[in-house]
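Every number in this text was worked out from the coordinates using simple rules, so none of it is lab data. Note that the coordinates shown come from a computational prediction; the quantities given were computed from them, not determined experimentally. Cβ: placed from backbone, ideal geometry, glycine included. Neighbour counts: every protein chain shown.
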Amino acid sequence: MDPLRRGDEELDQAYQLAQDFRAMVASHQADPLPRWLEEAKASGIPELKGFAAGIYRDYDAVRNGLALEWSQGQTEAQVHRLKLIKRQGYGRANFDLLRLRVLHRSGLPHQQKCV
């Protein structure tokens, strides 16, 4: 145990709860989630209590995210990239430029992008 955690019980508890949650995510185990939520709520640490409350609000989605092997991560990343490109060109560009910027990394030859 490092000296910072040894000197502060609340910090040690927050670290341990964070590591337990990280382990759940890394191993895709949803079974320990209810116990972890109760421990986080009982910890008295406002940030962890708020995090646990957020998980309770969307419990089914979080549980499925831990339990199921597939994810919407790739789709969400592409949507995020598209929105970012769109925001950068707001008020300065037209649809043709937006289309070219979106297709820029698609691997298509320039001639096919302009068709």
## Note on the structure
Using alpha-carbon positions, the gyration tensor of the chain gives root eigenvalues a ≥ b ≥ c; with a/c under 1.5 called rounded, otherwise prolate if a/b exceeds b/c, else oblate, the class is prolate
#### Entry: Note, ³J(HN,Hα) from phi for region 60-71, Karplus 6.51, -1.76, 1.60, rounded to Hz, x at Gly and Pro
4, 5, 5, 4, 5, x, 7, 8, 8, 7, 9, 8
### Message
Using Cα springs under 10 Å in a Gaussian network model of the chain, which residue among 57, 92, 101 shows the largest mean-square fluctuation?
### Response
92
### Task
Taking the Cα centre of the chain as origin, work out the dipole magnitude from +1 charges on Lys and Arg Cβ and -1 charges on Asp and Glu Cβ, in debye rounded to 20.
1180 debye
### In order through region 36-44: 3J(HN,Hα) via Karplus (6.51 cos²θ - 1.76 cosθ + 1.60), integer Hz, x for Gly, Pro
5, 4, 5, 5, 5, 5, 7, 5, x
### Query
How high is the relative contact order of the chain, in percent, with contacts defined as C-alpha pairs under 8 Å that are six or more residues apart?
18 percent
### Query
How much length, in nm to one decimal, is gained on full extension between residue 53 and residue 23, taken as 0.36 nm per residue of separation minus their Cα-Cα distance?
8.8 nm
### Query
What percent do you get for the relative contact order of region 13-81 when only Cα pairs under 8 Å and 6+ apart count?
33 percent
### D_trans [Stokes-Einstein, Kirkwood Rh over alpha-carbon pairs] for region 3-67, 37 °C, 0.692 mPa s, µm² s⁻¹
269 µm²/s
### Message
Give the aspartates and glutamates reachable from residue 41 as a straight Cα distance under 20 Å; neighbours fewer than 8 places away on the same chain don't count.
### Response
8, 9, 10, 12, 20, 31, 58, 60
### Query
Rounded to the nearest 500, what is the chain's calculated 222 nm mean residue ellipticity when only DSSP H runs of at least 4 contribute -39500 (n - 2.57) each, over all residues?
-22000 deg cm²/dmol
### Message
From the phi angles alone, apply the Karplus equation (6.51, -1.76, 1.60; θ = phi - 60°) to region 72-79 and give each ³J(HN,Hα) in whole Hz, x where the residue is Gly or Pro.
### Response
8, x, 5, 4, 4, 5, 5, 4
### Task
Calculate, in nm to one decimal, what residue 70 and residue 103 gain on full extension: separation in residues at 0.36 nm each, minus their alpha carbon distance.
9.3 nm
